[in-house]
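What follows is a short report on a single structure.
What follows is calculated from the coordinates using simple rules that are stated; it is not laboratory data. Keep in mind the model is a prediction, meaning the values are calculated, not measured. Here the Cβ is made from the backbone with ideal geometry for all residues, glycine too, and neighbour counts use every protein chain on show.
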Amino acid sequence: MLVVFALAWRQRLASLAVILAGMIVSLYCGSLSLALAISHFQLLVGLMIWGGGALDQQGWHACAALFMRLCAAIVVVAWLRRPLGLFEAGESTARGLGVSLARTRLAALGLAVALTACVVSAVGVIGFIGLGAPTLARFAGARRFHARLIWAPVFGALLLWLTDAAVQAIGATGVFGARLIPTGAVTALFGAPMLLWLLRQLKSRPDLRGQEQDGVVSTRSARPVALLIAVALLTVLAVLASLTIGRGLDGWRIASLAQVRALAFWHVPHLAAALAAGIMLGLAGALIQRMTGNPVASPDLIGVSSGGALGLVVAVFTFAAPGPLHLFATCLIGALLTLALLLWFGRRATYASERLLLIGVAIGALFQAVSGTVTASGDPRAALVLNFVVGSTYYVQPLASAIATGVALFGLIAAPCFARVLELLSLGDTTSRSLGVRVGLARLGVLLLAALLTATSTILIGPWSFVGLMAPYLARSLGVTRARADAGVRIDRRLADGARGMARASRAVSERDARRPDGRADRRAVSAVGADA
């Protein structure tokens, strides 16, 4: 949490900054945990069951300890309830009434961290209760913060009790044999669909970015061409270093040309797969961000990669011996379904950052719940699921590497064809339609290409990659701001011509109005204004 505070401190602990920092740290820690689980699978089965949120206890000791800590937390909550309640009136109002925003946020987040640590240390990770309970309380009628402080714990207790009762009832039927089902993982299975349904009910679009603008300076290079050439040269040097520099029995050494040729059958497929996966994720991230006009709408953060990985899990448990075609098809279907959900839920909020992030949280938690339940169940296919999910170029065969390279080249050829459409979509649906763009068809084509690229890269390296988020951001920071330079110039020219035509027509109306004795506008001049507009 200290890392999250450090990342969000420059943004004054703004809501969106805290959400993004929390997701980054959470996914990073999850990746480390997954790496440990794969390298020591048999030794960590018990730890993974506990980490999944097992409520089985041997006595009243844990309950008594949690109750005493809860009593201490209630005292702190009573002290913070008034300043936190003022946040609902807006930050400007709260600041005007003498509330220290940074200190209050820090105290509230510190208390939330303490409560979470108490629960995790006692029973393991319990997901979605802290998100679903306050939301249910708000929808049930607890609009004021003081009311939610009472009803959110009640709904949280009911949700966890119902989930645990359902887990015990399913376990008693013997469907899963003697395997233990972790309650915490099942809460996410129930909570993710509930969150998606609740997002559909939200009609307002909270402004989570308004307070971030002060003090934020956009960095952009003044010499993008030189930097792009330098990045290309560094990439070539890194490729050469990866092929020639290695560690042998006598330590690090530079390989000779004969040694490079001898190991080319092993190095080249891995190198091509890594480069292809990076190209595909970078293209997919740029397409989705440009289409939605959202700088954080990458395949990683909005759940597209997790949806594709969920398709891999389905393939493992559906087919007796899933082949590459089965894995690719189910991964592509999962990515497409995720993108369809994003369009469905995000349209009402005009693809706002916070809405897409919440959808990504829901889909990512659903995927983690499925994989966590499978891993903790002791099923022998769990190790296979983990190997597919984590992704690695180590096991990439030459055929798979060639297919990935072909898909990446296809993406590089197909993506520029959408440049003009993406430039127009960023202006809004109304303006795009007025300029002749079939918005629905264009958006479907962009999403299909993004899903194809995301699914292929997910099979290669898994869903845990931030390349789709960082590559477009780095490109923008280097000065590349257009989907394509010539398309942007043409669109700017058309908009400028339209603006000049509007100005000429307006001047014509003014002149003709001045000539008429009654002061009324000439209808032909008004028609000219509409035509030029």
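Name the residue farthest towards the positive end of the dipole of the stretch 2-198 from the options PHE5, SER100, LEU16, assuming +1 on Cβ of Lys and Arg, -1 on Cβ of Asp and Glu, about the Cα centre.
Final value for the positive-end residue is SER100.
For the stretch 268-479, what are Rg and Dmax over the alpha carbons, in angstrom?
For the stretch 268-479, the Cα radius of gyration and maximum Cα-Cα distance read 17.0, 57 Å.
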